[in-house]
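Okay, so here's the structure we're looking at.
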Amino acid sequence: MNRWWRSGDVSFSAAPGASRPAAALFMSLAMALGACSQTTTPTLENRDLGSNVKIFDPSMSTAEIQAAVDAIKVQQLNAEFGEGRYALFFKPGTYGTPEKPLLIDVGYYTEVVGLGRTPNDVVINGHLNVYNRCLETEAGKPSNCVALDNFWRSASNLTVKVAGGADCQKDTNFWAVSQAAPLRRMNIIGKFSLMDYCSAGPQYASGGFIADSRFSGTDAVTNGSQQQFMVRNSEVPGWSNGVWNQVFSGVVGAPASSFGTTGSDGKPANPYTTLSTTPVSREKPYLYLDAQGAYQVFVPGTRQNTSGVSWASGAESSGRTLPLTSFFIARPTDSVATMNAALAGGRNLLFTPGMYTIGQSLKVTRANTVVLGLGLATLTAQSGAVPMTVADVDGVDIAGLTFDAGPVNSPVLLKIGTTNAGGSLTNPVALHDVFFRIGGPHLGQATTSLEVNRSGTLLDHLWVWRADHGEGVGWTMNTADHGVIVNGNDVTATGLFVEHFQKEEVIWNGERGQTIMFQNEMPYDPPSQTAWTNGATLGYAAYKVADNVKTHQGWGMGSYIFMNVDPTVHASQAFVVPVASGVQLHSLLTVQLNKGLGIIDHVVNQTGDPVTGDPATGKPAGTPSMVINFP
């Protein structure tokens with residue numbers, strides 16, 4: 001996703017917003033660390049998790065915490081390709097008051113986490129905000145304020161009682177994000193918007209993910225200008241607006257499916273795709289403090305056919321608790337050999353916030369190993385290495401990590417299993433909030449980002465991105481054939497975002513696969529049709545199911561085209577699947593993002609109208625071509 005403007009604006013009315021307060025200087029956290037150590041039971045001190053883990057205690061004043069989080073905000077708010085990584089931990093208790101709220105603006109590579117056993121254990125009176133990012137300045141004032149590049153940040157395991165703010169921003173929590181910015185295990189009480197309609201008026205945001213979260217209040221969640229969004233196993237008081245593709249799976253209070261239909265007013269209905277339950281899921285592992293003040297990691301169990309939040313009746317019982325002593329706590333200075341020795345010796349692996357150079361594979365060989373990253377810890381391939389491999393074992397959880405390609409081509413960045421001969425459906429390998437980048441912060445090359453060979457694997461929110469902007473970006477520079485290749489059977493993806501790869505973006509070879517919400521942009525930069533042709537086919541499919549597959553299902557799947565080098569380039573179709581009774585896709589769409597810049601001729605196989613962006617047809621750019629069901 002980039003900051004290219006999208007046609008087909010959505011109109012909203014809102015008062016202009018006031019500017020945010022200037023950030024205070026960073027204040028020392030010595031008091032917080034002192035509070036951490038003043039217990040009768042030994043606890044894990046902040047230095048053991050690295051200097052970029054900041055731990056807040058409810059005994060600290062709101063002003064002190066506000067100054068600390070504002071200082072991080074100033075550093076991270078525009079650091080799209082920076083190296084800073086932060087985790088902000090809140091110990092159980094209450095922070096801020098309705099009269100003196102705590103207002104946290106979440107910048108790049110910042111993770112905000114409650115350390116309770118449930119979201120109810122940590123309460124913030126205030127906001128947890130992501131606003132539009134202003135990319136330019138005109139006449140001394142910020143301009144080009146959009147949310148299309150608001151990536152790489154997260155929040156989890158908190159209750160937010162929305163309070164504070166001024167003017168347009170008053171008493172509203174804004175989370176105006178695009179890819180790789182998940183909310184998990186959140187309890188939001190009050191008005192909540194996924195679009196910032198205060199900074200320069202309504203602007204597009206492009207994609208997001210919410211899981212295991214509850215929203216309550218008198219107002220529906222404002223989706224607004226979000227082009228696509230995925231909500232899984234949550235509770236909402238309603239949902240307003242929609243642009244192209246909104247998917248709900250196991251969400252109590254979700255709107256009924258209306259994708260591709262026409263409302264009573266004769267206008268297209270909101271593009272909602274709703275599944276009453278999620279067929280298979282496992283929530284992301286999380287840190288918490290037990291009653292003695294010791295750190296534990298809870299690893300939730302696998303669930304089938306569920307809806308609503310896992311913590312509705314209190315702390316979930318399905319799962320297992322691991323003491324932090326069972327983890328090797330990695331720092332960027334640790335060698336791969338040291339980490340592999342810890343893994344081989346039976347330890348789990350926790351990456352503290354930072355940048356890790358990986359010159360040989362990290363090898364996960366033991367069943368039920370947990371590999372957890374804090375603060376969007378980033379692993380960068382060196383010398384063409386495969387940064388991580390998982391053996392043919394079950395129950396492995398990989399969560400909260402970003403994999404970056406390096407300047408020497410890697411064959412793959414993460415490889416799960418070696419064959420598709422086995423894999424547990426009740427204790428599968430699971431990936432949560434795992435992100436991949438080919439270029440962007442620097443030159444990067446990788447043939448494939450993720451290869452899944454282990455059957456039963458769960459892919460729970462991935463953004464797999466060949467960069468369309470940043471450093472090292474160009475058709476012959478950040479080369480990458482495929483984003484995801486699935487060879488295992490019974491693999492399920494919930495929230496699969498894959499963009500800009502040079503050949504098929506997703507290839508699905510395994511049987512009985514299912515994808516709930518797929519979002520794609522085709523590559524922006526093919527220099528010509530000749531350079532982007534697959535035999536007799538123009539371009540490459542965004543999502544290809546192998547010809548021999550008998551059973552496959554998908555819901556809520558979109559692919560967009562924007563050719564900014566050669567605008568005449570076509571893609572014959574976005575989705576290619578075998579014609580078989582067991583292969584069924586639902587709620588499919590294609591979109592031309594800007595008038596005349598590339599054409600997708602069909603949605604799936606030879607079905608679906610082309611997207612041409614020709615106003616003479618009554619379908620200007622930004623108007624989707626939809627197929628409700630295929631076949």
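The values are calculated or read from the model by the stated rules, or taken from the named source; none is laboratory data. Note that this is a predicted model, so its numbers are computed, not measured. Glycine also receives a Cβ, built like all others from the backbone with ideal geometry; neighbour counts cover every protein chain displayed.
Looking at (1) more than 26 Å from Asn233 (Cα to Cα); (2) outside any helix (DSSP H, G or I); (3) of a type in the set (A, V, I, L, M), which one does Val484 not meet, given that it meets all the others? For Val484, the exception is condition (1). The residue pairs whose first member lies in the stretch 398-423 and is in the same structural domain as Leu376 (by TED's automatic domain parsing), whose second member is at pLDDT below 95 and surrounded by 24 or more Cβ atoms within 10 Å (Cβ to Cβ), and whose beta carbons are closer than 9 Å, counting only pairs six or more residues apart or on different chains, are Gly417/Gly423. Condition test on Cys134, is it more than 26 Å from Val473 (Cα to Cα), surrounded by fewer than 22 Cβ atoms within 10 Å (Cβ to Cβ) and touching a Pro at 6+ places or on another chain (Cβ under 7 Å)? No: the conditions fail for Cys134. Summed over the stretch 219-268, the residues that are touching a Phe, Trp or Tyr at 6+ places or on another chain (Cβ under 9 Å) and part of a strand (DSSP E or B) give a count of 15. Based on this model, can you work out whether Ser258 counts as surrounded by fewer than 21 Cβ atoms within 10 Å (Cβ to Cβ) and either touching a strand residue (DSSP E or B) at 6+ places or on another chain (Cβ under 6 Å) or under 30 Å from Gly114 (Cα atoms) (or both)? Answer is yes for this residue. Which ones in the stretch 191-218 are under 18 Å from the mean Cα position of the chain (by Cα), under 25 Å from Asn157 (Cβ atoms) and part of a loop (DSSP other than H, G, I, E, B)? Leu194, Met195, Gly207, Gly208, Asp212, Ser213 - these are the residues of the stretch 191-218 that are under 18 Å from the mean Cα position of the chain (by Cα), under 25 Å from Asn157 (Cβ atoms) and part of a loop (DSSP other than H, G, I, E, B). All conditions in (1) of a type outside the set (Gly, Ala, Ser); (2) assigned to a loop (DSSP other than H, G, I, E, B); (3) closer than 25 Å to Ser206 by Cβ hold for Met626, with the sole exception of (2). Selection within the stretch 507-538: residues that are without any contact (Cβ under 8 Å) to a residue 40 or more places away in the chain, of a type outside the set (S, T, N, Q) and crowded, with 16+ Cβ neighbours inside 10 Å. The member of this set that is farthest from Asn305 (Cα to Cα) is Trp532. If you filter the stretch 572-593 down to residues that are in contact with a Ser or Thr (Cβ under 6 Å, 6 or more places away or on another chain) and surrounded by 18 or more Cβ atoms within 10 Å (Cβ to Cβ), you find that the one that is nearest to Val545 (Cα to Cα) is Ala574. At least 3 residues being closer than 28 Å to Thr426 by Cβ and of a type outside the set (Gly, Ala, Ser) is the threshold, and among the strands (runs of 3 or more DSSP E) wholly inside the stretch 319-410 those reaching it are 319-323, 348-351, 362-364, 370-373, 388-390. For the stretch 157-178, the candidate set comprises residues that are out of contact with any Pro (no Cβ under 8 Å at 6 or more places or on another chain), assigned to a loop (DSSP other than H, G, I, E, B) and hydrophobic (A, V, I, L, M, F, W, C); within that set, the residue that is farthest from Ala211 (Cα to Cα) is Ala166. For Pro142, are the conditions met, namely being touching a strand residue (DSSP E or B) at 6+ places or on another chain (Cβ under 8 Å), within 28 Å of His442 (Cβ to Cβ) and either of a type in the set (Val, Ile, Thr) or surrounded by fewer than 21 Cβ atoms within 10 Å (Cβ to Cβ) (or both)? So Pro142 passes the test. Residues in the stretch 266-282 that are among the polar types (S, T, N, Q) and under 20 Å from the mean Cα position of the chain (by Cα): how many? Of the residues in the stretch 266-282, 4 are among the polar types (S, T, N, Q) and under 20 Å from the mean Cα position of the chain (by Cα). Looking at this structure, is Gly598 surrounded by 22 or more Cβ atoms within 10 Å (Cβ to Cβ) and of a type in the set (Gly, Ala, Ser)? Answer is yes for this residue.
Can we say Ser449 is over 19 Å from His602 (Cβ atoms) and of a type in the set (Gly, Ala, Ser)? It is true that Ser449 is over 19 Å from His602 (Cβ atoms) and of a type in the set (Gly, Ala, Ser). At least 1 residues being modelled with pLDDT of 95 or more and surrounded by fewer than 19 Cβ atoms within 10 Å (Cβ to Cβ) is the threshold, and among the strands (runs of 3 or more DSSP E) wholly inside the stretch 80-128 those reaching it are 93-95.
Do you know which residues across the stretch 610-631 are over 28 Å from the mean Cα position of the chain (by Cα) and at pLDDT 95 or above? The answer is Pro631, and nothing else.
Please tell me if Ala480 is buried (at least 24 other Cβ atoms within 10 Å of the Cβ), over 26 Å from Leu183 (Cβ atoms) and hydrophobic (A, V, I, L, M, F, W, C). Taking the combined requirement at face value, the residue satisfies it. Pairs meeting the criteria (first residue in the stretch 590-611 and under 18 Å from His500 (Cα atoms), second residue among the charged types (D, E, K, R), beta carbons under 6 Å, at least 6 apart or on different chains) are Leu593/Arg6. The set of residues in the stretch 544-568 that are assigned to a strand (DSSP E or B) and either of a type in the set (S, T, N, Q) or at pLDDT below 95 (or both) comprises Thr551, Gln553, Ser559. Among the conditions (1) in the same structural domain as Asp481 (by TED's automatic domain parsing); (2) closer than 29 Å to Ile72 by Cα; (3) crowded, with 23+ Cβ neighbours inside 10 Å, Phe351 misses just one, which is (1).
Taking the stated definitions as given, is Gly439 closer than 30 Å to Thr274 by Cβ, in contact with a strand residue (DSSP E or B) (Cβ under 8 Å, 6 or more places away or on another chain) and in the same structural domain as Ser587 (by TED's automatic domain parsing)? Against the criterion (closer than 30 Å to Thr274 by Cβ, in contact with a strand residue (DSSP E or B) (Cβ under 8 Å, 6 or more places away or on another chain) and in the same structural domain as Ser587 (by TED's automatic domain parsing)), Gly439 does not qualify.
Filtered by the rule that a residue be in a loop (DSSP other than H, G, I, E, B), crowded, with 24+ Cβ neighbours inside 10 Å and in contact with a Leu (Cβ under 7 Å, 6 or more places away or on another chain), the stretch 430-473 gives a lone residue, Gly456. Tallying residues that are of a type in the set (S, T, N, Q) and touching a residue at least 40 places away in the same chain (Cβ under 8 Å) within the stretch 262-304 yields 5.
The number of residues in the stretch 300-318 that are in a strand (DSSP E or B), of a type in the set (Val, Ile, Thr) and closer than 19 Å to Gly114 by Cα comes to 0. For the criterion of being over 19 Å from the mean Cα position of the chain (by Cα) and not charged (D, E, K, R), Thr447 passes.
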